[in-house]
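J.: To start, I am sharing the structure in question, which I have written as structure tokens.
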């Protein structure tokens, strides 16, 4: 089983919207994650440099994170991962999800620091009001 550790190497957050000016009512937030490469460090370790970017429309701010994910596993798993990378297959979900979770947590803190909406995924909407179920009792 693969184990993934995430290390941030560069953190950048910039508010482009004037502080005195109220933020727009509608803001679209785009999150982009790029795993740049997979680099073998030993028989059981791979490093994956990544870039995590948050963009806002209208352009009120930008948040950029760079880092490295350290992927540790059995020799066979590591070799399989490198072979799949050479075939340009996407990295395993565990790698992408771990990087995304760490970078998202950091970007939420940064967005609060610079006073812009956090890059949270939209909450699911309910299809309608929840109807109470009738109280059904069975007696014998």
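The values are calculated or read from the model by the stated rules, or taken from the named source; none is laboratory data. This structure is a prediction, so every number in the text was calculated from the model and none was measured. Ideal geometry is used to build each Cβ from the backbone, glycine not excepted, and the neighbour counts take in all protein chains shown.
J.: Looking only at residues in region 11-32 that are surrounded by fewer than 16 Cβ atoms within 10 Å (Cβ to Cβ) and under 30 Å from residue 86 (Cα atoms), which one is farthest from the chain's Cα centre (by Cα)?
T.: That would be 30.
J.: Next up: Looking at 68, 15 in this structure, which one is in contact (Cβ under 8 Å) with a residue 60 or more places away in the chain, in contact with a helix residue (DSSP H, G or I) (Cβ under 9 Å, 6 or more places away or on another chain) and under 25 Å from residue 111 (Cα atoms)?
T.: 15
J.: Hey, can you tell me all the residues within region 34-58 that are under 16 Å from the mean Cα position of the chain (by Cα), surrounded by 15 or more Cβ atoms within 10 Å (Cβ to Cβ) and either closer than 30 Å to residue 87 by Cα or free of Cβ contacts under 8 Å to residues at least 40 places away in the same chain (or both)?
T.: Of everything in region 34-58, those that are under 16 Å from the mean Cα position of the chain (by Cα), surrounded by 15 or more Cβ atoms within 10 Å (Cβ to Cβ) and either closer than 30 Å to residue 87 by Cα or free of Cβ contacts under 8 Å to residues at least 40 places away in the same chain (or both) turn out to be 35, 48, 49, 50, 51, 52, 53, 54, 55.
J.: Still on this model: For region 73-101, what are the residues that are outside any helix (DSSP H, G or I) and surrounded by 12 or more Cβ atoms within 10 Å (Cβ to Cβ)?
T.: Passing the criteria: 73, 74, 91, 92.
J.: Is there a residue being in a strand (DSSP E or B), crowded, with 17+ Cβ neighbours inside 10 Å and either in contact with a strand residue (DSSP E or B) (Cβ under 7 Å, 6 or more places away or on another chain) or at pLDDT below 95 (or both) anywhere in region 3-10?
T.: Yes, there is a match, as at least one residue in region 3-10 is in a strand (DSSP E or B), crowded, with 17+ Cβ neighbours inside 10 Å and either in contact with a strand residue (DSSP E or B) (Cβ under 7 Å, 6 or more places away or on another chain) or at pLDDT below 95 (or both).
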